[in-house]
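Notes follow the structure.
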Amino acid sequence: MVGLGNRTLVCRPAVTGVIAVAVAAVAAACGHDAARRDPPPTRIVLPPLLAAMPAPTATPIDPGYVGPEVCGECHEAKLASARKTSHFRTSRPATPDATTAPFGGDAEDVVVASPVDPRLRIVLLAQDGGLWQVGLDGRSQERVARKADVVFGSGKLGQTFLYWEGPFLYELPATYFAPPVGWRFSPGYHEDQLDFSRPVFGQCLECHALWAQPGRPDLVYEHSYVGEVRWGVTCEKCHGPGRDHVAWHRAHPDDTEPHAIVAPDDLSRERRDDICMLCHSDHGEELQPAFSFRPGKVLREFYSGPRPGAPPPPPDPGNGMAAMPDVHSNNQMDRLRQSACYRGSAELGCVSCHDPHTYERGDAATFNERCMACHDAATLSPTRDAAAGRAAVRHDGAAPCVDCHMPRARTEIAQRPGGEDEARAMIRDHKIGIYPAP
Ligand code: HEC
Ligand code: HEC
Ligand code: HEC
Ligand code: HEC
Ligand code: HEC
Ligand code: HEC
Ligand code: HEC
């Protein structure tokens, strides 16, 4: 049985390296053997006490975001459709409905244990409408419970969980990876401790939320926020703040000429793709604070692009396949640019194949249609079976084009020391080409 205690720490003060007297006092309060000489050192890492943290200095500003519900007043069908997309669902308040991950009841029925020491465990609990992660160190009998405030990720590859400590945002130690992997320590965490202290910086939110205002904008790596965070990658992320647009059209209900909103269709291919590249690329060093970029702007004025001197992108393994991308699959543009389709066409960009307002994952027929906007069935090589060392050709229009021309590659999603052989999610290689038989 795992009690939650209160919302914060149950049995220890919230600092590491506390003086021995305090440890003994707390151990006594928790009913452990207070006389024990050397209590085992803590393996549960908590964030610094709030009082020890520098307070945010910024006052909340209003950049003019109104949120998707307001857009829905006049663009009802778009909103209804967009609501189902992974973009909209990529960050949300943590309710049991917001997650695909299994949480247990009162008993310890959903647990992830450290592969290094099984006495170090995280129990996942759904209680009182909340999602909890309870860290237990069976060696020191420590126990820490935190309630998730935010679910991060729609769940295709996985979901991680965040919590607030005052104005500071932290990641919880357990992450759920899509089946068949399941619960693991959060990616990149040491497995010999339970870390509740990892900050969630503005860059993280910039890609996974509409708007958040860093509490100290002078700092590049900042994890305090002032004002309301607007969760989800929603309408105004790609169309810019909508306040003036909405005010105009409310005041002029008969005007069908759009005012004060970014229409990506009117942008050049580079500027239109920059909207997507803000999040779907290795955008490099920050040149301006997170959340400065707006649709229509030149992305390179906000992010430097791949860092000079940075390790080169993973080598192409030589069989035409992408090297294994990481969970952030940030190579779509690099790969697309290498394709004959991109080089041979002046307009091909991300939205040639993706409708950002519709959930289309797995919809092979729709993607086939997008290919056929440029490729004429009559001029493709005839359909034939694999023969004499050549791959099969299925140009009947029914077989999914991308199964042969944009094969899936494994991601490094759950990679960890000793876990190399774990099953991994697969994502599409965006270098469109002719590959060996799938
Ligand atoms: C009070 C009504 C109203 C609201 C609310 C509203 N719009 Fe519009 N919007 C319009 C009208 C009218 C047009 C022009 C006709 C059309 O394209 O549908 C338009 C057009 C657009 C266009 C197309 C622009 C173009 O040049 O083709 C975009 C993009 C857009 N709106 C986005 C949004 C977003 C994002 C929101 C929420 C922030 C929003 N709208 C809220 C009325 C509204
Ligand atoms: C440069 C933009 C960017 C940054 C920074 C970023 N992400 Fe992501 N993240 C993405 C994109 C894009 C995807 C989707 C990849 C895909 O669908 O192929 C993603 C996917 C994810 C997923 C899996 C979502 C799912 O359901 O499949 C999780 C979890 C996640 N990110 C967490 C984080 C956390 C935590 C941070 C900060 C520590 C972070 N991301 C920083 C862009 C970003
Ligand atoms: C991920 C980026 C993204 C998001 C999120 C997004 N849009 Fe768009 N939107 C685009 C792009 C790109 C275009 C132009 C290409 C196209 O039509 O697909 C566009 C086109 C439009 C248009 C004009 C063309 C048309 O189809 O009528 C309207 C209106 C619009 N969006 C409204 C919205 C509303 C309302 C929302 C939220 C419910 C929204 N968009 C969310 C990227 C986005
Ligand atoms: C603010 C950051 C951001 C912007 C801008 C953005 N994306 Fe995304 N995109 C994400 C994140 C984060 C995810 C992963 C969502 C998840 O699964 O949690 C994602 C997922 C996707 C997916 C996978 C959807 C799925 O269900 O598998 C596609 C396709 C995609 N984005 C295309 C685009 C295109 C095209 C544009 C530009 C019009 C764009 N994105 C703009 C952040 C962004
Ligand atoms: C915007 C137009 C456009 C779209 C959309 C498009 N292509 Fe292409 N594609 C081209 C052009 C242009 C070429 C180069 C033709 C040439 O050189 O003769 C090409 C070449 C190719 C080739 C030959 C590749 C090589 O390396 O020789 C393949 C295969 C291909 N496309 C498949 C696809 C598939 C599959 C899709 C859909 C997922 C698609 N294309 C979508 C324009 C497009
Ligand atoms: C020629 C067509 C085409 C173009 C152009 C294209 N994509 Fe895709 N993309 C696809 C297809 C097909 C899938 C797989 C869709 C599915 O889930 O069934 C995909 C999947 C994705 C995913 C989810 C990863 C996965 O495989 O689950 C992301 C993210 C994405 N695309 C982003 C982009 C971005 C960003 C651009 C512009 C740089 C782009 N795409 C351009 C066809 C395209
Ligand atoms: C079963 C695998 C497979 C599928 C499905 C498939 N192709 Fe191909 N495609 C090939 C192979 C293999 C080649 C190389 C041509 C050859 O070997 O003669 C090719 C060649 C091409 C080319 C280069 C020009 C040519 O005709 O040789 C284009 C363009 C193309 N495919 C587009 C498509 C489109 C669009 C679709 C979906 C309607 C599609 N392919 C479906 C395997 C496939």
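The values are calculated or read from the model by the stated rules, or taken from the named source; none is laboratory data. Remember, predicted model here, so these are calculated numbers, not experimental data. Every residue, glycine as well, gets a Cβ built from its backbone with ideal geometry; the counts of neighbours run over all protein chains shown. Heads up: the accessible areas ignore ligands, DNA and RNA and are worked out on the full protein's heavy atoms, side chains in. Shrake-Rupley method; radii C 1.70, N 1.55, O 1.52, S 1.80 Å.
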Which one is surrounded by the fewest Cβ atoms within 10 Å (Cβ to Cβ), of the residues in region 75-119 that are small (Gly, Ala, Ser) and within 16 Å of ligand 3 (Cβ to nearest atom)? Ala77
Selection count where residues are open to solvent by 20 Å² or more (accessible area, probe 1.4 Å), assigned to a helix (DSSP H, G or I), within 14 Å of ligand 4 (Cβ to nearest atom) and farther than 17 Å from Pro295 by Cα, scope region 195-249: 1
Kindly evaluate Asp254 against the criterion of being within 16 Å of ligand 5 (Cβ to nearest atom) and open to solvent by 30 Å² or more (accessible area, probe 1.4 Å). no
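So that you can scan it fast, the table gives a plain yes or no per residue for (1) farther than 19 Å from Gly202 by Cα; (2) assigned to a loop (DSSP other than H, G, I, E, B):
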position: Pro63; (1), (2): no, yes
position: Asp97; (1), (2): yes, no
position: Glu108; (1), (2): yes, yes
position: Val112; (1), (2): yes, no
position: Leu124; (1), (2): yes, no
position: Gln133; (1), (2): yes, no
position: Arg139; (1), (2): yes, yes
position: Lys156; (1), (2): yes, yes
position: Phe161; (1), (2): no, no
Within region 120-131, tally of residues that are open to solvent by 20 Å² or more (accessible area, probe 1.4 Å) and out of contact with any helix residue (DSSP H, G or I) (no Cβ under 6 Å at 6 or more places or on another chain): 4
So how many residues does region 333-372 have that are assigned to a helix (DSSP H, G or I), within 16 Å of ligand 3 (Cβ to nearest atom) and touching a residue at least 12 places away in the same chain (Cβ under 8 Å)? 8
Can you tell me which residue within region 286-295, out of those that are part of a loop (DSSP other than H, G, I, E, B) and open to solvent by 30 Å² or more (accessible area, probe 1.4 Å), is farthest from Ser268 (Cα to Cα)? Pro289
Filter region 373-410 down to residues that are modelled with pLDDT under 90 and assigned to a strand (DSSP E or B) and give me whichever is surrounded by the most Cβ atoms within 10 Å (Cβ to Cβ). Ala409
Regarding Ala178, is this residue surrounded by fewer than 20 Cβ atoms within 10 Å (Cβ to Cβ), in contact (Cβ under 8 Å) with a residue 40 or more places away in the chain and of a type in the set (A, V, I, L, M, F, W, C)? yes
